[in-house]
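Take a look at the following structure, please.
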Amino acid sequence: MLVQIANLLSLDVVAHINRVLGQASWIDGRITAGHQSERVKRNLQLPEDSPAARELGAIILAALSRNALFISAALPRRIFPPLFNRYEPGMIFGAHVDNALRGSGNPLRTDLSATLFLSNPEDYDGGELLIDDTYGCHSVKLPAGHLILYPATSLHRVNPVTRGVRTSSFFWVQSFVRDDAKRTLLFDLDATTQRLTHRLQDAPELLQLTACYHNLMRM
Ligand code: NI
């Protein structure tokens, strides 16, 4: 399931992040690539432990924790500290699948991948995120501050940027529900229950639907 989360960040926050990113020092993006993806990755990235990455990552994590749509869609157990990348003209990230595990010691299992767009689409050409799933290939290019959440099992790529600069943040989520199909079912059930609550207020059947949701989560 692909879920778009509009306006995760306000325009003021996006502007602050871009100011900090504008003064940061970028390194070769292959630093976090696996063996397969380092052959197709040509972009720039902030060092994971740089003060800028930490400050901006904390802003994004705080916004995620307040976003009901993100919580319902991802059912997050752990979130990898957000990373930041930059594509200048000619830069590209060819087809790849993200590593299953991230981090050492107690690694996070990557169930979901997320891209948070930080540049406005009119400020660059190309740079679409292309995600393959069983329904075909989806091209994603969102306004600054919007996020796309997709299964980390998907093959995906970023088209070459041909004009301007594309910056984004990306990270992975380990979910309480590993299987995408099961997570999608819970997401649909949650959304439907909430819409029914608006229409039916205190109908006793809503209590039973809510119980079904939580009992499915336990499974
Ligand atoms: Ni990727």
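The values are calculated or read from the model by the stated rules, or taken from the named source; none is laboratory data. Here the structure is a predicted model, which is why all the values come from computation and not from measurement. No Cβ is skipped: glycine too gets one built from the backbone with ideal geometry, and neighbour counts run over all protein chains shown. To get the accessible areas, we keep the full protein, side chains included, count just its heavy atoms, and leave off ligands, DNA and RNA. Shrake-Rupley method; radii C 1.70, N 1.55, O 1.52, S 1.80 Å.
Per residue, how much accessible area does the chain have with a 1.4 Å probe, in Å²?
Values: 11410 Å² over 219 residues.
Dividing the accessible area of the chain by its residue count gives 52 Å².
Can you tell me the dipole magnitude for region 1-86 around its Cα centre, using point charges on the Cβ only (Lys, Arg +1; Asp, Glu -1), in Debye to the nearest 20?
Values: 10 positive and 6 negative charges, 43 e Å.
I would put it at about 200 debye.
Here's another thing I want to ask about it. Select from His35, Thr197, Cys137 the residue farthest towards the positive end of the dipole of the chain; place +1 on Cβ of Lys and Arg, -1 on Cβ of Asp and Glu, and compute about the Cα centre.
Farthest along the dipole direction, towards plus: His35.
Take every Cα-Cα distance within the chain, group them into 10 Å bins from 0 onward, and report for each bin the whole-number percent of pairs it holds.
8, 32, 36, 16, 7, 1
Please list 52-61, 110-119 highest first by mean number of surrounding beta-carbon atoms within 10 Å per residue.
Details: 52-61: 17.1, 110-119: 23.7.
Ranked from most to least packed, the peptides come out as 110-119, 52-61.
Ok, one more. Which residue, chosen from Ala24, Phe84, Pro47, occupies the Cα position most advanced towards the positive end of the dipole of the chain, where the dipole is computed from +1 (Lys, Arg) and -1 (Asp, Glu) charges on Cβ about the Cα centre?
After comparing all options, I get Pro47.
If you don't mind, there's one more thing I want to ask. About the Cα centre, and with charges only on the beta carbon of Lys, Arg (+1) and Asp, Glu (-1), how big is the dipole of the chain? Nearest 20 debye, please.
On the way: 22 positive and 21 negative charges, 69 e Å.
That gives a dipole near 340 debye.
Next question, about the same structure. With a 1.4 Å probe and every protein chain kept in, tell me what percent of the accessible surface of region 3-175 is carbon plus sulfur. Before the final figure, lay out each step's value.
Numbers: 4160 of 7770 Å².
It is 54 percent, rounded to a whole number.
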